[in-house]
Amino acid sequence: MPNLPRTSAIVLLPMLLASCKLDDIPGLGPDPRVLAKEAEAKAIGGACRHALRGLEDCYTLNPKAPKALVFAGWKDMDEYMRANKMEGAPSVLGQQSERKRSDRDEGGAAAAEPSSGRNRS
């Protein structure tokens, strides 16, 4: 009977360790930086879908984001928007750059004429 505690410990230890998940043991879970990068890529995909952007445009605008995760986020947002009958919000990024270009073309020529006619003496 003196070996009973040792024997029971040997039998119970593997059962205890088998019930532990790797995430429960500090330092053995997934790297938080990797998890953050994955979540960011999925958020980028969702934002692209909400902004009515195509996947190809989203990939082009975010070349460092993993394409599979961007697609997963885009797809999740697409399903969510369809289920809730939501309309996307068109991106104003392209519209602002077009306005600036047209303002420079129109205002640039008009602004150049008065300044060339003035003399500062």
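The values are calculated or read from the model by the stated rules, or taken from the named source; none is laboratory data. Nothing here was measured: the structure is a model prediction, and the numbers come from that model. Don't worry about glycine lacking a Cβ; one is built from the backbone with ideal geometry, like all the others, and counts go over all protein chains shown.
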Residue in region 6-27 that is out of contact with any Ser or Thr (no Cβ under 7 Å at 6 or more places or on another chain), small (Gly, Ala, Ser), surrounded by 10 or more Cβ atoms within 10 Å (Cβ to Cβ) and modelled with pLDDT of 75 or more present: no
What number of residues in region 78-103 are at pLDDT 90 or above, in a helix (DSSP H, G or I) and either among the acidic types (Asp, Glu) or loosely packed, with under 11 Cβ neighbours inside 10 Å (or both)? 4
Condition test on GLU56, is it of a type in the set (Asp, Glu) and either at pLDDT below 90 or loosely packed, with under 11 Cβ neighbours inside 10 Å (or both)? yes
Does region 38-48 contain any residue that is at pLDDT 90 or above, among the charged types (D, E, K, R) and surrounded by fewer than 10 Cβ atoms within 10 Å (Cβ to Cβ)? no
